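These notes are about the structure you will find just below.
The values are calculated or read from the model by the stated rules, or taken from the named source; none is laboratory data. Quick caveat: nothing in here was measured; it's all calculated off a predicted structure. Quick reminder, even Gly has a Cβ in these numbers, built from the backbone with ideal geometry, and neighbours come from all protein chains shown. Ligands, DNA and RNA are stripped out before the accessible areas are found, and what is left, the full protein with its side chains, is counted by its heavy atoms. Shrake-Rupley method; radii C 1.70, N 1.55, O 1.52, S 1.80 Å.
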Amino acid sequence: MAAIAANWRRLRDRVKPGTETAAVVKADAYGLGMGPVASALCAAGCGLFFVANLDEGLALRRILPDARIAILNGFALGTGREFARARLMPVLNDLGQIEAWRAKAMETRAPALLHIDTGMSRLGLPPRELDRLVESPDLLSGVELAAILSHLACADDRASPKNRLQRRDFRMALKRLPHAAAGLSASSGIFLGRSYHFDLVRPGAALYGVNPLVGRANPMIQVVNLKAKILQVREIDRGGTVGYGAAHRMARAGRVATVGVGYADGWFRSASPRASAGIAGRRVPVIGRVSMDLVTIDVTGIDPAHARVGAYVDLLDGAYGVNEFARDSGTIGYEVLTALGPRHHRIYRGDADS
Ligand SMILES: *Cc1c(COP(=O)(O)O)cnc(C)c1O
């Protein structure tokens, strides 16, 4: 918890003065648990939170009675009552959502955010809808704009010319719209420099230790430690095979430990044969295919007093964390965190205020 709070403060201290640092806690705070994570971020001083959908917003409102909460996926007709009751702000993504929200918000003047698409082509007003909105400002009348957002497609690649193009198009869109706080950057965008900060940044992944700087040293603190128990240890002769498909053949006689974690726990099948695990301060290879509930590791060189039944193996820690495991699995830290799943026994350690 202290690491998450420290990561948030680190980002807050990095953005230019006057820029608000929000936090994205969608997908159960990237799999880490929205309750404890949002409480820790709130205690650290965060006042604006983003989630993906209405259900997440309702759950977050029960955790944080006073925070501002924005729903990235927008507003759907028929959900006005829930939005109003929980004081949720939709991020309006198209003219239809704006119209639906207006019909609802006319009486209440409840705030909403507006998302302009500047090249991500996923959510947000496409250029033609932005033109229509600018030509007919009435479409926004009665809508209290809390912020105007856009989202970068290539923020993790400093060299990408797309970053500057999106920043330019975002600035142009802002000039054509009513004045409101502006926000362009998530985790990686923050590291592109002050001209990408505007009034509001909304990091997610970096808070949880995912490296926002692909290919460079991680400026964030590792957050998740994952351990699993050795369930069985066996001697295997040279030429013996391990696991499904007999995919691993022992080049010489050795010892193999079976560990109680598998792809159902987010220990990806694609992690073999590159991934490794930590035991007794050493790194040992994961061998054979990862199965649903089990992985096998080669503990031949490890003192049997350490590589024994009931001992814990380090699967994610400061030395080998989400970013390293993601690299070895051919994916990104985001997917590692959100795949961890409900079977792990979770212990929330460390005081967020420390
Ligand atoms: C998920 C998301 C974020 C957070 O992105 P990170 O890369 O995790 O910091 C910010 N904005 C939008 C629109 C998102 O969908």
Item to complete: Tell me, please, whether a residue that is more than 26 Å from residue 6 (Cβ to Cβ), surrounded by 20 or more Cβ atoms within 10 Å (Cβ to Cβ) and under 25 Å from the mean Cα position of the chain (by Cα) can be found in the stretch 125-143.
Response: yes
Worksheet item: Given the residues 308, 252, 274, which is the only one that is of a type in the set (Lys, Arg), open to solvent by 60 Å² or more (accessible area, probe 1.4 Å) and under 24 Å from the mean Cα position of the chain (by Cα)?
Response: 274
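Only residues that are over 22 Å from residue 333 (Cβ atoms) and crowded, with 16+ Cβ neighbours inside 10 Å: list them for the stretch 172-194, please.
Within the stretch 172-194, the subset over 22 Å from residue 333 (Cβ atoms) is 172-183, 193-194.
Residues satisfying the conditions are 173, 174, 177, 180, 181, 182, 183.
Residues that are hydroxyl-bearing (Ser, Thr, Tyr) and either modelled with pLDDT of 95 or more or within 16 Å of the ligand (Cβ to nearest atom) (or both): find the strands (runs of 3 or more DSSP E) completely inside the stretch 144-253 holding 1 or more of those. Explain how you work it out, then say what you get.
Numbers: elements: 144-149, 181-185, 226-236.
Once the strands (runs of 3 or more DSSP E) in the stretch 144-253 are filtered for at least 1 residues that are hydroxyl-bearing (Ser, Thr, Tyr) and either modelled with pLDDT of 95 or more or within 16 Å of the ligand (Cβ to nearest atom) (or both), what remains is 181-185.
Among the residues of the stretch 205-231, what is the count of those that are in contact with a strand residue (DSSP E or B) (Cβ under 9 Å, 6 or more places away or on another chain) and within 18 Å of residue 267 (Cβ to Cβ)? Before you say what the answer is, go through the steps one by one.
Pass one, the stretch 205-231, residues in contact with a strand residue (DSSP E or B) (Cβ under 9 Å, 6 or more places away or on another chain): 205, 207, 222, 224-231.
Filter once more, so that each one left must be within 18 Å of residue 267 (Cβ to Cβ): 222, 224-231.
Result for the stretch 205-231: 9.
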Worksheet item: Could you list, in sequence order, the residues of the stretch 55-74 that are more than 15 Å from the ligand (Cβ to nearest atom), open to solvent by less than 60 Å² (accessible area, probe 1.4 Å) and not β-branched (Val, Ile, Thr)?
Response: 58, 59, 61, 64, 67
Worksheet entry | Inter-residue pairs, beta-carbon under 8 Å, first crowded, with 18+ Cβ neighbours inside 10 Å and in the stretch 79-93, second assigned to a helix (DSSP H, G or I) and among the β-branched types (Val, Ile, Thr), 6+ apart | 92/98
Practice prompt. Search the stretch 324-347 for residues that are open to solvent by 90 Å² or more (accessible area, probe 1.4 Å) and pair each with any residue that is acidic (Asp, Glu) and modelled with pLDDT of 95 or more when their beta-carbon atoms are under 6 Å apart and the residues are at least 6 apart or on different chains.
Written response: 343/265
Worksheet entry | Pairs where the first residue, in the stretch 292-309, is assigned to a strand (DSSP E or B) and the second is aromatic (Phe, Trp, Tyr), C-beta under 7 Å, 6+ apart | 295/267
Practice prompt. Residue by residue through the stretch 165-182, note down the ones that are without any contact (Cβ under 8 Å) to a residue 60 or more places away in the chain and over 24 Å from the mean Cα position of the chain (by Cα).
Written response: 165, 168, 169, 171, 172, 173, 174, 175, 176, 178, 179
Discussion item. Among the residues of the stretch 7-16, what is the count of those that are of a type in the set (D, E, K, R) and either at positive phi or not in a helix (DSSP H, G or I) (or both)?
Written reply: 1
